1. The conditions are (1) assigned to a helix (DSSP H, G or I); (2) at pLDDT 80 or above; (3) among the acidic types (Asp, Glu), and ASP54 fails exactly one of them. Which is it?
2. So for segment 7-27 (the condition being touching a Lys or Arg at 6+ places or on another chain (Cβ under 6 Å) and either more than 16 Å from ASP66 (Cα to Cα) or at pLDDT below 80 (or both)), does at least one residue qualify?
Amino acid sequence: MANVTSELIWIKSFLVSLWVFLDNPMKLYCDNQAALHIAKNPVFHERTKHIEIDYHFVRQRLLFGDLETAYVPSKYQVVDIFTKPLKK
């Protein structure tokens, strides 16, 4: 999520340099409900063993209103055809 967040921020800053301004927050869809809960609620990160700066980066962007996360089930992830082997 942190990698995609940094890419979205870069794209948004690139669009601003082209005088294209986005008023709405960028949407980030994820199929990992645990990652979404950790990013939205600061209490959940206490239950994880290894917390890195990625959590804080995504959380900061959520608090600033630059980013909006949403859950999408794995079977509806269209990009999975590029990242996972196909079934027979």
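1. The number of the failed condition is (2).
2. no
The values are calculated or read from the model by the stated rules, or taken from the named source; none is laboratory data. Please read all numbers here as calculations on a predicted model, not as lab measurements. FYI the Cβ positions are ideal-geometry reconstructions off the backbone, even for glycines, and counts take in every protein chain you see.
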